Amino acid sequence: MNSIDMSVSRMEEEISKRLKRFQDELSSHGVDGALVVQKIDLYYFTGTDQDAHLWVPSVGQSLLMVRKSLERAVKDAVTKQIVPLKSFSQIPEHIRSNGGTRGLDRIGLEMDVLPVNRYLTYQRLFPKTEFVDVSPWIRETRMIKSAYEISLIAAAARMADATYEKVPGFLRESDREIDLTSRIEACYRRQGHPGVVPTRGFNNESIYGQIMAGKGAAMVSNSAGPLGGKGLGPFFSQGASTDRIEPHSPILIDYAANVQGYIADQTRIFSMGSLDETLVRAHEAALGIQDALSGEGRPGVPAETLYDLALEIAEAAGLADRFMGYPDPVPFVGHGVGLELDELPIIGRGINTPLAEGMVIALEPKFVFPGQGVVGIENTFVVAQDGMEKLNRFPDTIRVC
C-alpha cells in the first residue's frame, strides 16, 4: 500500500496556504465569503470528507459546520473551528457567531456542481444576499499543486506502473474484457486504491477508467473523452464489455491510479500478437505528439499552443481525421489531474491559460480506427521550468504479449 504521511503541523500549513489563495480571490472580487459543500473541495480545504458546510470568509478564520460525522470531522480535519449542524437553518447564525457580522451581501457557491434544490434552500436562508459562482476560483486555486500533492500523484503513478507490469499475466488469464478489468481493479485495490476516480460535473460517473479491445473500442458513446467502447449495455454504454479479447487486436487500458485521493492517469496499448502496421504507425505518431508537447510545455506557454502543435503533428502524419475521437473528436489533448480526474488546465482549443510550474497534466494523444480499434498513449506530467517531467515509468511502446 502506498502511504505518504504528513505531520499535523505541516498539513495545517498546507491547508492554510490553500485557504489564503482562495480568500485572496474572494476579496479581489468583493465576495464576503463562500459556502463550500462539494466533497472534494471540502477535503482540499479541511482535510476531511464528512458531510459538512465550510464557511470561508474573505478575511478571517474558516468554520466547518458538520452534519455527519462530527466525530470523524474532529479527528480528521485540520480546521480549528468545528461545530455541529443539526439543521440548515442554523447556517446563518453559525456564520454570524464566527465573526460574519459585517454583512453577507455577496456569498460564493460552487454553482457548477450544486443541486438546484440546495441553491433554493440557501436563497431562503439568505434572502437579501447575492450569490456568486466561485467554482472557477476554487478550481484555479487547486490547479497549482504543492510539493506534497505532487508526491502523492507520483506515488499514484508508481501504483499504475506496478499494475501495468502485471497485465501480460492478467491477459493470459482473461477471456473477455470484463475479466481483465476485474483482475486489474483487484490489483489496484490491494495497493490501496480507494476504488473511485472522482470527476467533476453532472451525470459524470466515477469509475477507474476504460478497458477495451479490438473494434469494439472504436464504438462511439457519450463519454466526455475521446474514446467510447461497447460497454455492458444501454445502461452504461462505454468501456469494457463481455466481448472476447481477440489476438492481433489493440487492447487499450486507460485506468487511473489513486493514492490518498490523488490521481495519476495512464494509458497503454497491449496486444496478443502483432498489430496491423497502420495501427503501429499511428501509435508512433501519438508518442511523437506526446514528446513534442512535453518538451514545449514550459511555464508561460498557453495551453492552446500545445493543442495546436498536436493538431499539426497529427495532420502531418495523415491522421488528423482519426485524432482524439471519431467521428466526433474532442477539442483537447490533455487535462489537469489531482483530486479529480478532470482538473484545470485543459490543453485544448481556445484555452489561453498559460502553463505554470506545479501544474500536473495528463497528455493523452489517441487515434480511433473504426473496425480496427484504438491506439495512443497517456502519461501524467508535472510542469517544470525546463519542460514537463513524466511521472509514469512503464514503457510507452506497444507491449506484445
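Read-outs throughout are calculated quantities, based only on the coordinates presented, and are distinct from any laboratory measurement. Predicted, not measured: the structure shown is a model, and the values here were computed from it. Here the Cβ positions follow ideal geometry from the backbone for every residue, glycine too, while neighbour counts run over all protein chains shown.
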- Message: Only four residue types carry charge here, +1 at the Cβ of Lys and Arg and -1 at the Cβ of Asp and Glu. Report the dipole size of the chain about the Cα centre in Debye, rounded to the nearest 20.
- Response: 1360 debye
- Task: Convert each backbone phi in segment 281-296 into a coupling constant with the Karplus relation 6.51 cos²θ - 1.76 cosθ + 1.60 (shift: θ = phi - 60°), then list the ³J(HN,Hα) values in order as whole Hz, x for Gly and Pro.
- Result: 5, 5, 5, 5, 5, 4, 5, x, 5, 4, 5, 5, 5, 5, x, 8
- Long-range HN-HN contacts of residue 356 with modeled amide H, under 5 Å: 300
- Return the long-range amide H neighbours of residue 245 (sequence gap of 5 or more, or a different chain), with a cut-off of under 5 Å between placed amide H atoms. 176, 177
- What is the chain's relative contact order, in percent, from Cα pairs under 8 angstrom and six or more apart in sequence? 15 percent
- Item | Using θ = phi - 60° and Karplus 6.51 cos²θ - 1.76 cosθ + 1.60, couplings along segment 234-251 (whole Hz; Gly, Pro as x) | x, 6, 7, 9, 7, x, 5, 10, 8, 5, 6, 8, 9, x, 6, 10, x, 10
- Message: Please compute the modelled spin-label separation between residue 123 and residue 93, points set 7 Å along Cα→Cβ, answer in nm with one decimal.
- Response: 2.5 nm
- Query: Is the shape of segment 8-142 rounded, prolate or oblate, going by the alpha carbon gyration tensor and its root eigenvalues a ≥ b ≥ c, with a/c under 1.5 for rounded and a/b larger than b/c for prolate?
  - Reply: rounded
- Between residue 116 and residue 352, Cβ-based FRET efficiency (R0 30 Å, step 0.05) works out to 0.45
- Task: May I ask you to compute the full-extension gain from residue 172 to residue 236, defined as 0.36 nm times their residue separation minus their alpha-carbon distance, rounded to one decimal in nm?
- Result: 20.4 nm
- Task: Would you mind calculating the relative contact order of segment 50-166 from Cα pairs under 8 angstrom and at least 6 residues apart, reporting the percent as a whole number?
- Result: 17 percent
- residue 29 versus residue 190: modelled label distance in nm, points set 7 Å from Cα along the beta carbon direction: 4.6 nm
- Note on the structure: The lysines whose Cα lies under 17 Å from the Cα of residue 390, excluding any fewer than 8 residues away in the same chain, are 145
- Where does the chain land at 222 nm, in deg cm²/dmol rounded to the nearest 500, when only DSSP H runs of n ≥ 4 count, each adding -39500 (n - 2.57), divided by all residues? -10500 deg cm²/dmol
- Hey, fewest Cβ within 10 Å first, where do 29, 94, 283 land in order? 29, 94, 283
- Please label the shape of segment 229-302 as rounded, prolate or oblate, based on the square roots a ≥ b ≥ c of the eigenvalues of the alpha-carbon gyration tensor (a/c under 1.5 means rounded; beyond that, a/b larger than b/c means prolate, else oblate). oblate
- Task: Only loop residues by DSSP count here, and only those with at most 13 other Cβ atoms within 10 Å; note down the trypsin sites (Lys or Arg not before Pro) in segment 16-86 that meet that.
- Result: 80, 86
- Mind listing the long-range amide H neighbours of residue 338? Cut-off is under 5 Å, sequence gap 5 or more, other chains count too, H placed in the peptide plane at 1.01 Å from N. 263, 343
- Put +1 on the Cβ of every Lys and Arg and -1 on every Asp and Glu Cβ in the chain; which of 288, 127, 256 then has its Cα farthest towards the positive end of the dipole? 127
